[in-house]
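Written below as structure tokens is the structure these notes are about.
Every number in this text was worked out from the coordinates using simple rules, so none of it is lab data. All values reported here derive from a predicted model rather than from experimental measurement. Every residue, glycine among them, receives a Cβ derived from its backbone with ideal geometry; neighbour counts consider all protein chains shown.
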Amino acid sequence: MPLRRPKANKNPPILSHEFVIQNHPDIVSCVAMVFIIGLMFQATSPVASLFVTLQHNETQMRTNEEGELEPTNVVLYKYGTKDCFAAFFYFLMAIIIHAVIQEYILDKLNRRMHLSKIKHSKFNESGQLLVFYAVSAVWGADIISRENLITNIASLWEGYPHDLFPFLVKFYFIIQIGYWLHCFPELYFQKIKKEEIAARVQYAVLYLMFIIATYVLNFSRIGLCLLVIHYCVEFLFHLSRLLYFSEKTEIANSGFMIWNVSFVLVRLGSITLAVLTFWYGLVQVEKSNPGAGDFNTFIVRINCLSAVCLLQAWMMWNFITFHLKRMRERSQAAISGKKYHTTSLKKKDKKIKGEDEGEVSYVDSSTGTENGVVRPRTPKSKKN
């Protein structure tokens, strides 16, 4: 079903930039439907299934009472080159869902609040990320609970390499890759300003680098835990920013205060988990065999630990500089306000003194001058 849009006075030419931007949800929906319809026909089903379903599955075997191997109902997955097809399909789905949220939720809220162009762009960004962070955090927390990663912290490194994923774990990482890939064409579809592009590209690239590295190096358990706690604090930040734009200042300020504390705690918690896993845990099960998906070597571990710690330090540095900048701005605003108040009082004092001397003008009471010129007093006439 095509998305509704306000009618323009003049339809843009077909395949022009404006036409693609206005109709990109419908165009992408048609492309995605090609793969879904392809599943219905026997000739195209093998190709379409590469995009829609997860590949590289393996059925687990068990030994029966007679000592023979037999298949079980448990199906696990590995990663491979065919995952690129699935990532592309869910990249298309992310664009469609982005457009639905934008049109049916965010645009309606924007029309009610009448935000400026700058706030409008930030509101849309926070609205989209809020939904994604909420879904990813809840979904990831459910997976962590199912895998008992909280109650058994040693499971983060025990049994490595974790090259066999349950369906939900593999699907989670494919969705993450597809979502952060879709952020790049959205810069064009949403007409993002040049000054905002650099920041958005930066965090999208960082997310992709760390998620793909975690997925390929079989560190899915520690990566999942780090993502969930990070998404929780990011959800809180964007929720507070949306409340701020909605002029619910008191609630927003409380949210930002909680976010300030949570941000620091999550940075420390992420470093603690990384050190515990890469420095202490994986050393106990070290047996390098990259051909079998085992990347548990000293070089890989130290690089992963350094990458996580450097990322947390960089985020903390930005956090500190942001708050220092705000403190300077507030102090400068306070000084400017005091100067303005003092100047107003002086002008008022000069005006009152000028009126007392028979002149409605600004007179310097210390020199007796008006704009640098000495004005003699007008003598009062005597009554006869």
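Odds and ends about this structure:
- Mean Cα-pair separation over length for segment 54-296, i.e. relative contact order, pairs under 8 Å, 6 or more apart, %: 24 percent
- In terms of distances greater than 28 angstrom between alpha carbons, the cross-link table entries K122/K248; K82/K122; K122/K170; K117/K170; K78/K122 yield K82/K122; K122/K170; K117/K170; K78/K122.
- Net length available on complete extension from F167 to N318 is 50.7 nm, with 0.36 nm assigned per residue and the Cα-Cα distance removed.
- Of the trypsin sites (Lys or Arg not before Pro) in segment 128-205, those whose Cβ has at most 16 other Cβ within 10 Å and which sit in DSSP loop: K191, K193
- Here is the P(r) of segment 54-296: all C-alpha pair distances, binned every 10 Å from 0, give 7, 26, 32, 21, 10, 3, 1, 0 in whole percents.
- P(r) tail for segment 93-132: Cα pairs beyond 13 Å make up 49% of the total.
- In a reduced charge model with +1 at each Lys and Arg Cβ and -1 at each Asp and Glu Cβ, segment 54-296 shows a dipole moment near 1340 debye about its Cα centre.
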